Every structure is written in C-alpha cells, then in structure tokens.
1. Stretched out fully, how many nm does the piece from residue B:41 to residue B:254 gain, at 0.36 nm a residue minus the Cα gap?
2. Work through the residues other than residue A:106 whose Cβ is under 10 Å from its Cβ and net out their charges, Lys, Arg +1 and Asp, Glu -1.
3. Treat each spin label as a single point 7 Å out from the Cα along the C-beta direction, and report the residue B:210 to residue A:55 distance in nm.
4. Between residue B:86 and residue A:159, what is the spin-label point distance in nm, taking each point 7 Å from the Cα along the Cα→C-beta axis?
5. Given contacts defined as C-alpha pairs under 8 Å and at least six residues apart, what's the relative contact order of chain B, whole-number percent?
6. Roughly speaking, what is the centre-to-centre gap between region A:48-72 and region A:104-171 when only Cα atoms are used, to the nearest Å?
7. Indicate the helices, whole DSSP H runs only, in chain A that combine a mean Kyte-Doolittle hydropathy of 0.5 or more with a Cα extent along their long axis of 20 angstrom or more.
8. Work through the residues other than residue B:42 whose Cβ is under 14 Å from its Cβ and net out their charges, Lys, Arg +1 and Asp, Glu -1.
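The values are calculated or read from the model by the stated rules, or taken from the named source; none is laboratory data. Note that the structure is predicted; figures quoted are calculated from it, not measured. Here the Cβ positions follow ideal geometry from the backbone for every residue, glycine too, while neighbour counts run over all protein chains shown. We work out accessible area using only protein heavy atoms, side chains counted, and drop any ligands, DNA or RNA first. Shrake-Rupley method; radii C 1.70, N 1.55, O 1.52, S 1.80 Å.
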Protein chains: 2
Amino acid sequence: MPEVPIFERLCVIGFGLIGGSIARRAREAGLARALVAYDASDAVRTRVRELGIVDEVAETAQAAVAAADCVIVCVPVGAIAGVAAEIAPSLAPGAILSDVGSTKLGVIGALAAHIPPHVAFVPAHPMAGTEFSGPDSGFSALFEGRWVLLTPPAGTDEAAIGRIEAFWRGCGANVERMEAAHHDRMAAMVSHLPHLIAFTICNTAEGLEDESRREVLQFAASGFRDFTRIAASDPVMWRDIFLANREALLEMLARFTEDAQAMARAIRFGDAAYIERSVERGRAIRQSLIEQKQA
Amino acid sequence: MPEVPIFERLCVIGFGLIGGSIARRAREAGLARALVAYDASDAVRTRVRELGIVDEVAETAQAAVAAADCVIVCVPVGAIAGVAAEIAPSLAPGAILSDVGSTKLGVIGALAAHIPPHVAFVPAHPMAGTEFSGPDSGFSALFEGRWVLLTPPAGTDEAAIGRIEAFWRGCGANVERMEAAHHDRMAAMVSHLPHLIAFTICNTAEGLEDESRREVLQFAASGFRDFTRIAASDPVMWRDIFLANREALLEMLARFTEDAQAMARAIRFGDAAYIERSVERGRAIRQSLIEQKQA
C-alpha cells in the first residue's frame, strides 16, 4: 500500500458510480487530505452534500478544481472535452488531471488543446463497473482486484504518472500502462463489442412477433439471459463509448461479423468439421479463463 | 406431484448429462419401478454399472428397450435418427418413445419413418443443462424449476403425452406444449443464437495477434467473460444442434446481423439517438427479466 495521503486536495468532477466510488474509497483509505466534488446536476450536488462523504461540494467546476493538486474527471466520455475546456483555466500549477473514460485515444485528442503546460494529464481507465449509476451507486470496494489501465502520452511527467498509479493501488486496483491506441483496440474486443452484441441481441428479440417475444423472456435461462446482464448499463455512457471508440469498435465488429458469416456458411452447407472446430476453440478460451481464475 | 411409479420399466439410451440426470431423478423419486440404461460407449456402460444408479445396463440398444414401457433417447440430436432405426423393431407394443433433443422439427422428420404404429412418439426438450458432460455429470435436481417443452405431432396419443408430462413434472420441471416449428424458432433465438455468438466471439478473440489475445484473457471481466460461460458446452452436441436447426438459426442470425449492421452504421455516421434508443431497449429487456424473476 502506498504512503497516504497521496494528494492534499482531490477533486472529483462527476459523481456517478465511478466518481462516487473514488470519493468513498479515498475517504476510507485516507488517500487525500481533503475531498472536493462537483457534478453538473443540482440534484446530484444536493445528494452528495446529504451523503456527507466529501469535505466540500462546489457550485461550479472552476471553483471545485481551483486549489486541487489532483482532478479526476468522471463524466461520460462524450462530456470529458467540454469539462476540460471549462476547468482548464482554473487548474492550479503542478496539478494532475486524470479521467476514467473507457476509450482513450479520443479523450487524449480532445483534451490536448485545453491542458495548460503547467498541468500533467494522466489518462486512466478503471475497468470496473456495475449496472447501476448515480450518486448512491458507488462503493469503496468497486476497484478491489480490478484493473486500471494508464495510457499517458509520451513525455508525460513520470512523477505525475507515479502518483496516479499509487492512488489506484490505494483503491485496491492492479495498474498497467499501455499505449492509448492499443488500449482502445483491446477495450473494443473485451468490453465494447460484447456490450454492442448484448444490446443488439436484445433488440433482435424485441423485434420478434409478440408471442415469441414473451417466450424469449419466459425461456431466457437457456443462454439469452447471460447476454442481458451487461445490457443493463447506462445508455448515455455506452452511446458515448461507441462513438468515441468508433474505429476500433467497427473493426472488431467487422471481424466478428466475418467469423459469424463463416459459421453461417458452414451451417448452411453442413460443414460439420468447421462448426466443431469453432466450438472447440470457444471451449478452449473458456478453459484458459478458468485457469487464469478470471472465469 | 404425480402418482408414482409412472412407468414400469424406463429405458434411458445415452448416459450423458441429461440421461444421467433423468436416471438419478427417476430413481430418487420412484418415477419408474425399474430402470434400464444403454450407452454406445463401453467405457460409459462400465461407469454406469459402477455408479449403481440403474437396475440394469444392457449390452445392446435393442436389449435395453425390449421390455420397456417408456424409452427416452438422450443422445446428441444428430444421432437420434440412427438410434431410432436401431431400436424401432425391438420396441414393445404400447411403449412410449421420447427424446430430449434441443431441436424438434428435424428429429420428428427423421424418426417418422422408423416409429412402429404400436408406439407413441412424444418429442420433448428439457431446457436445462450445465457445461459438463459424461456419465458422472448428471444430478437429480437438474430439471428442478426448469422448462420442458413437448412438441407432439397432431394425432399423438393423449394418454402417452400425459404420462410424459407427468414424468417431467415428477422431475420437478414446468411443462409446456407447443408446435415443433414454433419451438425451433424460439429455441434458435433464446439458446442457439446466443451459443453461436458466444463461440464466434471466442474465435474472433482467438484470431487476434498474440499480445491482444493474452490481454483478452487478462481483462475479460469487462464483459467478454459473460459470453464465455455458455461457450464451454459440448462441441458434438452443439454441432448437431446448429445443423439440425439450420433454417431457424440462420434466420435469427440474419436478423441479428441486420441489427448489428444498423448499429455499426449508426456508430460510423454518429447517429447518437439511434444508439441510445438501442441501448435503452436492451435495458428494458433486462428489466423485464428481473421483473419475471428470470434474471
């Protein structure tokens, strides 16, 4: 565990599942001497005050960041650039700016123009979540044993990266560094494509005639059900992720579609050996997950 | 609970997960006065004898069915017709023949030619399973609270249907009757398509360059993992199901692919409203499952 506090004054912008979990954990583990929060929604700010888990709830984003030595932006990917533009002039010299967006290349590109030279930007992606959202949904153990990926552009201040890494380790997470473009392809495959498929198959079921739709729900335990858990996530968050990671996601979807079409062709022409090999490979991947204790 | 025993001599052909679970439950609940089993594999027959859960393990399928008043064929869908042809001449007058295949139209067509007029054929599909297979994988509670769908062709003896229904209720299952073609479409949507997608996405991941493949396993918790549980199933069983339910499965895959392509197009051209609506609908389906206590 790193020496605490890591930050004097930590500012969380956006108090949803991730922002709320960061604040709860930081408070519990003493990761920051003081905690300040801001959310664009009046209702959320009121609720955060009631919860009493931060030292201060600011009325503007600028006021929130003013004296902070670390600012973590926890808003949907599509809103990060706007927030950055809003807070940039108020960031303190030497402050570290970070985010929690699920895509990185787009975020880095959108922020580049706004970040003042006296601020270090350390992009981060905590790979953790639940299907819940809002100021009450966060909990301090959310990041325990999960991965946080850092994708700092070349030339980012190493001390700043080290402090962000220490912060996430203090949240109980495993931290790994990778190149932003690589991150986005990997995230497209392990997270964005499965979510896209989950939403899509729900829509396909929804499009069936009434009787069949009722039965899909009635008999969902046969496989369909497994696909719906991740389909329960926040629409705005996912809309933004899909749009922000467009290129990588479309490529992975294209690869998947080719593979699905090859399978369809094998089924149509009765190529039993092809189908069996595909199923065997699926099983092998599952087996690897079990061996790596990720299942 | 129905009055037991329902059958004097119940014969189970094929002693895998389903056949083994039927035998265990029948014994435990006294659903049959005597239990006889047959499996094409010498090793399985030997193991079933060791397990001591049936009264008799026959050396041939013909001998197994000879004096049975009910025969349930529990082999992969692709092997059912062959087994039926083999046992048909030995079936006792008044016997009931049933199966547990995941597709019904093909099975009914394949068997029609073989069933003697003095035998009632009641096709059944217990919608239950695990990712395990073999004679040791079965357990008596497998069907508890699960659905068993009966798809008897028009004109099937009602008394025979009633006894098969009673048998499955004795196994703890809920029983519903539907038309075979309708069953196959529904099963394609709730079970076969999700499995096809699960196998396919595992193959897509497998096709990535080495570094990314390693990471897919490392970071699988972000969504990918949920798709792999059902990809752990038996390759021969699924090969047979895909081939036997070709038309319905290809139609559902085509519908899904259209929906996925519509989503891809929305992502490419930045149609945020379309994406958000799709995600909302996915959430709504998940919500319905939770309300129906199927989640």
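1. Working it through step by step, the gained length comes to 72.9 nm.
2. So the surrounding residues net to -1.
3. Each label point is offset 7 Å from its Cα along the Cβ direction, giving 5.0 nm.
4. 7.7
5. For chain B, the relative contact order is 17 percent.
6. Result: 17 Å between the Cα centres.
7. none
8. Around residue B:42, the surrounding residues sum to 0.
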